[in-house]
Amino acid sequence: MSPYEEVILDHWRHPRNKGRLVNPDMVGVEANPLCGDVVRLELKLRDGKVEDVRFDGQGCAISQAASSLLTEMIQGRPVADVAAVKDDDLLSALGGVIRTRLSCAVLPLRALRKALAQAPKEGGR
Amino acid sequence: MMDATVRADFPILRRAVGDRPLIYLDSAATSHKPEAVVEAEARFYREANANVRRGVYRLSAAATDLYEEARAKVAALIGAIPEEVIFTRGTTEALNLAAYAVGEARVGPEDEVLVTEMEHHANLIPWQEMARRRGARVRAVAVTPGGELDWDDFRQKLSPRTKAVAVAHVSNVLGTVNPIPEIAAAAHAVGAVVVVDAAQSVPHMPLRVGELGADLVAFSGHKMLGPTGIGALWGRAELLAELPPFLTGGEMIREVSLDRATWADPPAKFEAGTPPIAQAVGLGAAVDYLQGIGMDEVRRHGRELTSLALAGLLDRPYVTVYGPLDPAARGALVAFSVDGIHPHDVATLLDEEGIAIRAGHHCAQPLHRRLGVPATCRASFYVYNTGEEVAAFLAAVDRAWEALA
């Protein structure tokens, strides 16, 4: 296993769903103050599903690629499924992550869980 | 040429990382140990193990002799007398001892302690905590964009309220060698105690405490080829006599009753409990090893490798180097970053090639805030590193840039 499998390089060079939503229903921000990585996830919900998702952030290739990949994994999925995404699901989708960098890879999942823990905003559909 | 013979003395350098030979460029974090040090510590346990200072039997006397011989070796390395060398667990404990004892003896409400923006957390937090307990204030001397102490800011912040000046001899990030004799002279003029974090200098350059001019000097064994769990605090005899103990308990007393106790003379006053005896013996062997090479030669070799690394990194337009550009003004380390690539990615990519460098804030978050980056990469060098290793490191930095930029 190389620490930078093709999937990580691809998402690092060509991030998917990067940016901000207008009036997101849920927002989660997580940071690792030790290395300066920051990930912000925004979700728009409709009929119990993730209608739209964006991430924004800065940091290492692993945290940013993991964020990009996670947005693809949850786009269009029922919220209950999204809430059930486990660390290992994301890590295996990334093609495996070396032990010393696991906290980078799971940073977007921590942001996602933070977002889901919020009550949807008033008027959110 | 010391490379080949010296390298053969370090068993760990024969190991591989994955399918690559280990290129270890993180000696500023901890150094490797020559066979002589490993053997000295093991031999102590095999042949001379006993507690020190309190045994009537001859084995204890032999262990005490070995422990005190180690103290004498450390003292000789820094031009001190043995009674002025306190064994601690390392630089961190030594600086905690210094901050606590100086605080108790010299610092009261409204007083100030002067630190610098380039301090390792170990020479910052003990002073913050002491100031909080004593109602005093910590002020920090600014660092210039070139990575040196801002002398005007130092002069401006130094005042009769300053009771202690705590400063690194060599910055563990910038590599800057601070002018301790000048700092000490100015600090002494206002009556302040001068405490020096010498963790990155004692292992790498000739140092005489008499010439340094400081009052307390802290360093670690494990960064100078010795074991972990042993370090030292050198203190001026008059000051050690004045300061109260830090840790209390066995071995550091003269007489104890149920409601009070009196203290032994230094250094025992500051060495409560059973000390790291085998580790001290190992450190003594490390000092012997360094003296065998000669500290001037250690410094020359470190400067040579640092020059190569510095020139190579400065040559690459996508690399930013932090700290002084003149290798003569530096310790044996270089901190840098690669444009657009997080330091942890650089370190992981180099690790793929068997090259160990450090990435992160290096226990100096305020300094990184001043540099405007959350983290940096750091390569550091010691007696067993070679010019070929520096070249391999520079080529790997190029490949990291190509992989992720």
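The values are calculated or read from the model by the stated rules, or taken from the named source; none is laboratory data. Predicted model only: the values in this text are computed from it and were never measured. Here the Cβ is made from the backbone with ideal geometry for all residues, glycine too, and neighbour counts use every protein chain on show. When the accessible area is computed, the model is the full protein with side chains, heavy atoms only, and any ligands, DNA or RNA have been set aside. Shrake-Rupley method; radii C 1.70, N 1.55, O 1.52, S 1.80 Å.
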Exercise for the section: Go through the range B:137-173 residue by residue and tally those that are in contact with a strand residue (DSSP E or B) (Cβ under 9 Å, 6 or more places away or on another chain), among the hydroxyl-bearing types (S, T, Y) and either under 28 Å from B:R303 (Cβ atoms) or not assigned by TED's automatic domain parsing to the domain that holds B:A214 (or both). Expected result: 1
Problem - Total residues in the range B:362-405, condition open to solvent by 30 Å² or more (accessible area, probe 1.4 Å) and either closer than 29 Å to B:E119 by Cα or in a loop (DSSP other than H, G, I, E, B) (or both) - result: 10
Problem - Single residue of the range A:1-20 satisfying the filter (among the charged types (D, E, K, R) and away from chain B (no Cβ under 14 Å)) that is farthest from A:A66 (Cα to Cα) - result: A:R20
Problem - helices (runs of 4 or more DSSP H) contained in the range A:21-125 and holding at least 2 residues more than 14 Å from chain B (Cβ to nearest Cβ) and among the hydrophobic types (A, V, I, L, M, F, W, C) - result: A:61-74, A:79-83, A:87-93, A:107-117
Completion exercise
Output for Cβ contacts, cut-off 8 Å, separation at least six or different chains, first residue among the acidic types (D, E) in the range A:53-65, second surrounded by fewer than 24 Cβ atoms within 10 Å (Cβ to Cβ), reads A:D56/A:K18; A:D56/A:G19; A:D56/A:R20; A:D56/A:R40
Exercise for the section: Please work out which residue is farthest from B:G226 (Cα to Cα), limiting yourself to the range B:57-71 and to residues that are touching a residue at least 40 places away in the same chain (Cβ under 8 Å) and open to solvent by less than 60 Å² (accessible area, probe 1.4 Å). Expected result: B:A63
Practice task
Would you kindly identify the helices (runs of 4 or more DSSP H) lying entirely within the range B:89-189 that contain at least 3 residues that are open to solvent by less than 50 Å² (accessible area, probe 1.4 Å) and in contact (Cβ under 8 Å) with a residue 60 or more places away in the chain?
Solution key: B:91-106
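Might you check whether a residue that is over 30 Å from B:R358 (Cβ atoms) and basic (K, R) occurs anywhere in the range B:30-47?
Going residue by residue through the range B:30-47, those that are over 30 Å from B:R358 (Cβ atoms) are B:43-47.
Checking which are basic (K, R) leaves us with B:43, B:46.
Yes; the residues of the range B:30-47 include at least one that is over 30 Å from B:R358 (Cβ atoms) and basic (K, R).
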Problem - When residues of the range B:330-360 are limited to those that are in contact (Cβ under 8 Å) with a residue 40 or more places away in the chain and in a helix (DSSP H, G or I), the one nearest to the other protein chains (Cβ to nearest Cβ) - result: B:D345
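If I filter the range B:284-304 for residues that are in contact with a Lys or Arg (Cβ under 6 Å, 6 or more places away or on another chain) and within 19 Å of B:T5 (Cα to Cα), do I get at least one hit?
As a first pass, look at the range B:284-304 and keep what is in contact with a Lys or Arg (Cβ under 6 Å, 6 or more places away or on another chain): B:284, B:287.
Now restrict to residues that are within 19 Å of B:T5 (Cα to Cα): B:287.
There is at least one residue in the range B:284-304 that is in contact with a Lys or Arg (Cβ under 6 Å, 6 or more places away or on another chain) and within 19 Å of B:T5 (Cα to Cα).
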Handout entry: Out of B:R254, B:R236, B:R299, B:R316, sole residue that is within 30 Å of B:I86 (Cβ to Cβ), of a type outside the set (A, V, I, L, M, F, W, C) and not assigned by TED's automatic domain parsing to the domain that holds B:P206
Key = B:R299
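Restricting to the range B:210-224, what's the tally of residues that are more than 19 Å from B:G294 (Cβ to Cβ), surrounded by 24 or more Cβ atoms within 10 Å (Cβ to Cβ) and not acidic (D, E)?
Quick first cut of the range B:210-224, residues more than 19 Å from B:G294 (Cβ to Cβ) only: B:210, B:212-218, B:220-222.
Next cut, surrounded by 24 or more Cβ atoms within 10 Å (Cβ to Cβ) only: B:214-218, B:220-222.
With not acidic (D, E) added as a condition, the list becomes B:214, B:216-218, B:220-222.
Of the residues in the range B:210-224, 7 are more than 19 Å from B:G294 (Cβ to Cβ), surrounded by 24 or more Cβ atoms within 10 Å (Cβ to Cβ) and not acidic (D, E).
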Handout entry: Tally of residues being surrounded by 15 or more Cβ atoms within 10 Å (Cβ to Cβ) and among the acidic types (D, E) across the range A:1-50
Key = 4
